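Read-outs: derived from the displayed coordinates by stated rules, not from any lab. Since we're looking at a predicted model, the values are computed, not measured. Don't worry about glycine lacking a Cβ; one is built from the backbone with ideal geometry, like all the others, and counts go over all protein chains shown.
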Amino acid sequence: MLRRLNIAGAILSAVICITLCATWARLLPIRDGIPLRGPFADWRLMSLNGRIGFDDRPGRNRIIDAWRQEGSERIAEWRRKISRTVELYSAWEASRSPEALSAYDAAEAAQKDMSDVITAFADRDPRWKPLATHTLPIYPLIIATSLWPGGMFFLFVRRRMMLRRRRRAGCCLHCGYDLRATPAGDSFLSRCPECGRVSAGSVAGL
Ligand SMILES: [Zn+2]
């Protein structure tokens with residue numbers, strides 16, 4: 001059970017390590033990163049100067065686009081109001097009637113309100129919103145995730161080498177006791193005198 005957990009953990013750790021390496025390598029030549037669209041925010045996965053992480057550039061770009069759209073609508077509306085004011089001023093000049101004057105005054109007041117709205121709108125320009133960036137240095141992450149599988153691989157190779165050495169030297173595969181004087185075969189006598197287990201060629205998988 002513990003052995004299985006150990007192997008599963010090492011495999012998971014190796015997968016994370018390889019994914020980190022691959023993601024980092026993939027992001028190196030890409031200036032814009034990989035977009036990650038979520039229900040609450042737009043992020044992009046990016047790597048920069050040996051660091052890997054997220055920033056909210058796509059979300060920020062979307063805010064700016066919306067702001068530009070709204071801004072151009074407001075400016076168009078403001079221009080319509082200015083031309084209406086100019087029109088009413090000409091009408092008042094032609095007629096000099098009190099009705100024409102009050103119509104002009106009202107149009108001018110609406111136009112001034114509109115300019116206030118545009119000023120307020122420019123004050124909350126999202127282009128000044130700072131770009132949120134969250135990164136972690138990549139090399140320590142790669143090293144940290146490679147330790148477990150790397151250690152397991154080292155122990156595995158060391159064990160294989162030890163077993164090969166024992167087999168070649170004619171020693172017990174379990175305890176390393178010299179079996180050159182022990183008779184070969186499958187009888188009771190061919191068991192290791194040191195640990196009592198069947199050894200040498202009869203132990204499969206070791
Ligand atoms: Zn033995």
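Of note:
- Structure remark: mean-square fluctuation, Gaussian network model of the chain, C-alpha springs under 10 Å; the largest value among 44, 80, 31 belongs to 80.
- Contact order, relative form, for segment 59-128: 44 percent (alpha carbon pairs under 8 Å, 6 or more residues apart, mean separation divided by residue count).
- The Rg/Rh ratio of segment 47-117, with Rg taken over Cα atoms and Rh as the Kirkwood radius over Cα pairs, comes to 1.44.
- Gaussian network model of the chain, Cα within-10 Å springs - most flexible of 82, 63, 18: 82
- 5 angstrom amide H check on residue 171, placed H, neighbours 5+ away: 179
- 182, 119, 133 arranged by Cβ crowding within 10 Å, fewest neighbours leading: 119, 133, 182
- Cysteines having no other Cys beta carbon under 4.7 Å from their own, within the chain: 17, 21, 171
- Added length on full extension, which subtracts the Cα-Cα distance from 0.36 nm per residue, residue 154 to residue 3: 52.8 nm
- When each full DSSP H helix of the chain is screened for a Cα extent of at least 20 Å along its own axis and an average Kyte-Doolittle hydropathy of at least 0.5, the helices passing are 2-27.
- Using only the C-alpha atoms, the convex hull of segment 5-48 corresponds to 85 Å³ per residue.
- According to the Kirkwood relation over distinct C-alpha pairs, the hydrodynamic radius of the chain is 25.2 Å.
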